[in-house]
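Notes for the one structure printed next.
The values are calculated or read from the model by the stated rules, or taken from the named source; none is laboratory data. Just so we're clear, the structure is a prediction, and the values are computed from it rather than from any experiment. All Cβ positions, glycine included, derive from the backbone under ideal geometry; neighbour counts span all protein chains shown. Note: accessible area is taken over every heavy atom of the protein model, side chains too, but ligands, DNA and RNA are not part of it. Shrake-Rupley method; radii C 1.70, N 1.55, O 1.52, S 1.80 Å.
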Amino acid sequence: MEKKSENVVWHNHSVNRELRTMKKGHKPCVLWFTGLSGSGKSTIANAVDYLLYQRGVHTYVLDGDNVRHGLNGDLGFSDIDRVENIRRIGEVAKLFVDAGLVVSTAFISPFKADRSLVRNQLSDGEFFEVFIDTPLEVCEQRDPKGLYKKARSGEIKNFTGISSAYEAPEKADVHVQTDGKSVEQCAEFVVNALIDAGIVKA
């Protein structure tokens, strides 16, 4: 990315990440939910958010559609725009981690390189790639927004899984196979992974 800002200096704050972490009583991290449209990313991310809230964990959810209503409202769905979409979200997520929160991001984020870029911006143990693994045929059957039908008819171009590639994680930090499982079971699986990693207390 070409840097266009000149004469800017990073300002260190008196209240840093370590102090915020001590105050909150849990470690900050990014839960990067990735999967096909209709896989259940947003639904599971919200269920995880509620379970963490019940545990007193400070959280926030960045949802793909919601962010495109504001911050990324100027972006389309070409490969170039998808890359920029994820870059911006990665930067925002990094700020949330600095604030001491567990932030969940629910984006298709189809490209491995983009997900790796975000991971590399954070410290070890602060990025969890959460693969919501739902078969394409199941996603198409659900089709909650009617997008697959439009994509199949050619009304929507560059649709992930149909006319645009989805590069599934090969070694996700948390691999959620949703087939045959309830939303609650999937959410508990993610929370347990955070407990095992020492992010939140048992």
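Overview of values
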| quantity | calculated |
| --- | --- |
| The stretch 98-202 - percent relative contact order, Cα under 8 Å, separation 6 or more | 31 percent |
| Sequence of 148, 166, 60 when ordered by accessible area, the most exposed leading, probe 1.4 angstrom | 60, 166, 148 |
| Accessible surface, the stretch 1-95, averaged per residue in Å² (probe 1.4 Å) | 63 Å² |
| For peptides 45-56, 176-187, sequence by mean Cβ density within 10 Å, most packed first | 45-56, 176-187 |
| Area of residue 201 that stays accessible when all protein chains are in place (1.4 Å probe, Å², to 10) | 150 Å² |
| Candidate residues 26, 13: accessible-area rank, largest first, probe 1.4 Å | 13, 26 |
| The chain, dipole about Cα centre (Lys/Arg Cβ +1, Asp/Glu Cβ -1), debye to the nearest 20 | 400 debye |
| Residue 196 accessible area, 1.4 Å probe, all protein chains in place, Å² to nearest 10 | 130 Å² |
| Shape call, the stretch 66-195: gyration tensor on alpha carbons, a/c limit 1.5 | oblate |
| Surface share of carbon and sulfur [accessible, 1.4 angstrom probe, percent] for the stretch 50-178 | 50 percent |
| Charge tally in the Cβ shell below 15 Å around residue 169, where Lys, Arg are +1 and Asp, Glu are -1, residue 169 excluded | -1 |
| Per-residue SASA entry for residue 17, accessible area with 1.4 Å probe, Å² rounded to 10 | 50 Å² |
| Cleavage-rule hits, GluC sites (Glu not before Pro), the stretch 1-103, DSSP coil, Cβ neighbours within 10 Å at most 13 | 2, 6 |
| Accessible-area order (highest first, 1.4 angstrom probe) of the listed residues 188, 129 | 188, 129 |
| Listed residue pairs exceeding 28 Å between alpha carbons, taken from 23/112; 181/201; 112/181; 41/94 | 23/112 |
| Cα centroid of the stretch 151-202 to Cα centroid of the stretch 55-89, whole Å | 16 Å |
